[in-house]
Amino acid sequence: MTAAGDFQFGDAVFHYTRFGNGTEVMLAFHGFSEPGTSFLPLEPALGLRYTIYAFDLPWHGETQWPEGRIFTPADLLGLVRGFLDYLGASKFAVLGFSMGGKCALYITKHMPDRLNALWLLASDGIQTNRIYNVAVYPAWGRKLFKTTIRHPSWFFGMVNLATRLRLITPWLKKFTNNHMATREKRQRLYDTWISMAGFNPDIELVKKQLNTFHIPALLFFGRRDEVIPYTVGEQFAEGVALAKLTVLERGHYFIDEKINPMLEEAMHFI
């Protein structure tokens, strides 16, 4: 049965969707521009083993986040620990799609003793995009990014030029323009990216934690993904003793009923 709830965390209120009837707890973190409900199609595969709590991250869905404040790694860990205490759960699994994968990796880095499985779907955070690095880390990059929120015409011109030069595909142009189409969307992208800049998961340490605590890692990537290449999944799986990589004949957005059989198959690995 699907239910919605709110969890008070300091001066923020995190909205979440609960689904599944399993005895184990799973916390799920969605991709950019999506709400936690985007994981609902996965209930047939995950819901027998897990009760899933899919959060709306700040600036997404129905979560109420204080205006003008960034979302920090300490906020994420505080949310997870507080929510697990609220549930009375000592162990849990974590699932992350795209941007949410960065959250899942950071949690794995800092809470491996309480983790019993890591699920990554087209996960960000394993290999950082160059455009992202320029936009959020140097001061001049952040300033240019912030200016683009109000004056985006130069950006759209660069995207059009890159498409004509075949540096990016028409699909990637559409994907990019969609996330920058309105000032509200550009502000959400800025706030989210600036926050996520602090979520450095330290992949080698994450791998070490997975091996030390014998945590299985279930990895799903799309062969035709133009946002997160499937080779990123191959890179992560190397050196992880309990890693199972599934490469789907899909693009970036593959969270739907079609992947449930693959999720069910992976479940036997745990």
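Each reported figure results from applying straightforward, stated rules to the coordinates on display, with no laboratory input. The structure presented is a predicted model; accordingly, all values stated were derived computationally and were not measured.
What helices does the chain have that are whole DSSP H segments, at least 15 Å long along their own axis by Cα, and with mean Kyte-Doolittle hydropathy of -0.5 or more?
Span-like helices in the chain: 73-87, 99-110, 153-164.
What relative contact order, as a whole-number percentage, does the chain give when Cα pairs under 8 Å and 6 or more residues apart are counted?
After rounding, I find 18 percent.
Take the Cα atoms of the stretch 1-70, find their three principal axes, and give me the spread along each one in whole Å, biggest first.
In descending order, the Cα extents are 40, 22, 16 Å.
Let me check I have the definition right: for the chain, take the eigenvalues of the Cα gyration tensor, multiply each by 5, take square roots. What are those semi-axes in whole Å, largest first?
Square roots of five times the eigenvalues give 29, 22, 18 Å.
Taking every pair of Cα atoms in the stretch 205-270, average 1/r, invert it to obtain the Kirkwood radius, and report Rg/Rh to two decimals.
Taking Rh as the inverse mean 1/r over Cα pairs, Rg/Rh reads 0.99.
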